[in-house]
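Asker: Handing you this structure, nothing more for now.
Rule-based calculations on the coordinates, nothing more; no lab input. The model shown is predicted, which means the values in this text are computed figures rather than measured ones. For neighbour counting, all protein chains shown are included, and Cβ atoms are generated from backbone atoms with ideal geometry for every residue, glycine included.
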Amino acid sequence: MPDPNRFLRGPFAPVEEEITAFGLPVTGSLPAGLNGRYLRNGPNPLGLDDPGYRFWEGYWFLGPGMVHGVRLRDGKAEWYRNRWVRSQALAEAMDEKWPGGPVHAGMDFAANTHIIAHAGRYLATVEAGPLPYELSGELDILGPCDFAGTLPGGFAAHTKLDHATGELHAIAYYWAWDHVQHVIIGAGGTVSRTTDIPVADGPMMHDFALTPGYVVLLDLPVTFSLDAASAGVKLPYTWNPAHQARVGLLPRGGTAAGVRWFEVDPCWVFHTLNAYDDDGRVVVDLVRYAGAYDDDGRVVVDLVRYAGAYDVSKLTGHGPLSLDRWIIDPAAGKVTQQRLDDRPQEFPRTDERVTGLAHRYGYSAVIGAVGHANVSPDGDFADEAFSDALLKHDLTAGTVQAHEFGQDATAGEAVFVPAAPGAAEDDGYVMSYVHNPDRGAADLVILAAQDFTAEPVARVHLPARIPLGFHGSWIADP
Ligand SMILES: [Fe+2]
């Protein structure tokens, strides 16, 4: 049985204070054109003695969000800040006044999964119903955001920007709905369109994909479980072998009646890398968990075995996981699957300027601690599969480069930042928070994407650890 406290220890261990530090030391040289903020979200319980947190132990997804940010300008690292997202409960626990704001279905939560910018707002996001939280550029928490009352329910953390229109696309799901909802938030910051798509069983939809032709929906067999909810599980979504795995194409601008569904093998997908239209077909690259079943198709895990300490490994299943490609062919009515890379990896990202367009490059992370804790509680993978590295995929050449950081130098998700607005794909930088074991604190590491295995261009030395977390964004100055 996996250690139920593994998400509280080592590189996952929460930090205990908020810090504001100015004039950060840098090794190497920060590119002068990098003007903006790198912000990253992740769970960070207030304290390990918090009686509420004891209930969550072992479950990585449920800690309140903390945003870690670094401000770069004119070749200098101006500041580092980390701030808890103040939900009402968290603000009260911190003896502060809650900033207040709208709440969807009584689900106020310190959004812990991603941080994005849209329509001049910095937004911490989370799935399964709660609204996003808005932050200032200095990471002060401004309160929940429902886009001036236009958002019916919270949307899941992963959003896609349509660069042609400036519209932000999102998928909302919530256990009490008999549908999922595609949401478009206009460049002006109000919801301009919602489309309800009927689905059975209340599936979790952590991510999706967007092309010029379609919204690509992942309806996979991780669904709401009344048994788990009754047992007190706080995120009661479990592997459901009775739920047909399928991928759906919602035509852009179309209605729910226009969605076409295509069956796929049982699997779980947290993240897509990107998708694009290709001569009538749709290509989707994604990190795919092969499911919670063995080679004979038997379910090998009991998803509600730990009622009070729900186990994320039971969500992702037995493995393996790999970077795969689905080619959805509406004319043939089927999906073809290809293996792009079989190294266990997560947090796939592209140069976001190619969202929805054919991409050549992708970047992902191989995080030892996450792999061991999440993917391989039973030791299915060898240690070397989980060394700490960032990967760069050239999907045209079929090659992968690894920037290895070493065993205790855990790297989180990396984001790509173009060298200039008109730079070619991959002409730019790959940045991530990486633990520096020599200092016992994190560095913001900046790699030159086109010299990926070389020494970093710059390392910004931060004054504290940053626990392993989830997703972030480079938000360039306007
Ligand atoms: Fe995610």
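Asker: Find, among the trypsin sites (Lys or Arg not before Pro) in the stretch 74-105, those assigned to loop by DSSP (not H, G, I, E, B) with at most 10 other beta-carbon atoms within 10 angstrom.
Answerer: Filter output for the stretch 74-105: LYS97.
Asker: Sort THR165, THR113, THR195, THR410 so that the residue with the fewest other Cβ atoms within 10 Å of its own Cβ comes first and the one with the most comes last.
Answerer: THR165, THR195, THR113, THR410
Asker: Rank these for me by crowding, MET431, MET94, MET204, going from fewest to most other beta carbons within 10 Å.
Answerer: Fewest-to-most ranking of MET431, MET94, MET204: MET94, MET204, MET431.
Asker: Another question, then. State the three equivalent ellipsoid semi-axes of the stretch 218-296, derived from the C-alpha gyration tensor as the square roots of 5 times its eigenvalues, in descending order and whole Å.
Answerer: 27, 16, 12
Asker: Over the C-alpha atoms of the stretch 139-205, what are the Rg and the largest Cα-to-Cα span, Dmax, in Å?
Answerer: That works out to 12.7, 39 Å for Rg and Dmax.
Asker: Sticking with this structure for a sec: How many angstrom lie between the Cα centre of the stretch 62-120 and the Cα centre of the stretch 387-410?
Answerer: Each part's Cα centre sits 30 Å from the other's.
Asker: Sticking with this structure for a sec: Note the full-extension length gain between ALA358 and ILE19 as 0.36 nm times their separation in residues minus their Cα-Cα distance, in nm to one decimal.
Answerer: Extra length from ALA358 to ILE19 when fully extended: 118.0 nm.
Asker: If you bin the C-alpha pair distances of the stretch 115-238 every 10 Å from 0, what whole percents do you get?
Answerer: Reading the bins upward from 0: 13, 43, 32, 11, 1.
Asker: Still on this structure: Could you give the alpha-carbon Rg of the chain over 2.2 N^0.38 Å, rounded to two decimals?
Answerer: Taking the Cα Rg and dividing by 2.2 N^0.38 Å, one obtains 0.91.
Asker: At most 15 other Cβ atoms within 10 Å plus a DSSP loop assignment makes a site exposed; report the longest stretch of the chain without any exposed GluC sites (Glu not before Pro).
Answerer: 139-478
Asker: Give me ARG121, ARG339, ARG71 sorted ascending by neighbouring Cβ count inside 10 Å, so fewest comes first.
Answerer: ARG339, ARG121, ARG71
Asker: Oh, and also: Could you work out the local net charge near GLY101, counting Lys and Arg as +1, Asp and Glu as -1, over the other residues with Cβ closer than 10 Å to its Cβ?
Answerer: Around GLY101, the charge tally is -3.
Asker: ASP227 versus ALA148, label points 7 Å from Cα toward the beta carbon: distance in nm?
Answerer: In this crude label model, ASP227 to ALA148 measures out at 4.7 nm.
Asker: Expected output is a single nm value to one decimal: the length gained when fully extending between GLN338 and THR165, i.e. 0.36 nm times separation in residues minus the C-alpha distance. What is it?
Answerer: So the chain would gain 59.1 nm between GLN338 and THR165.
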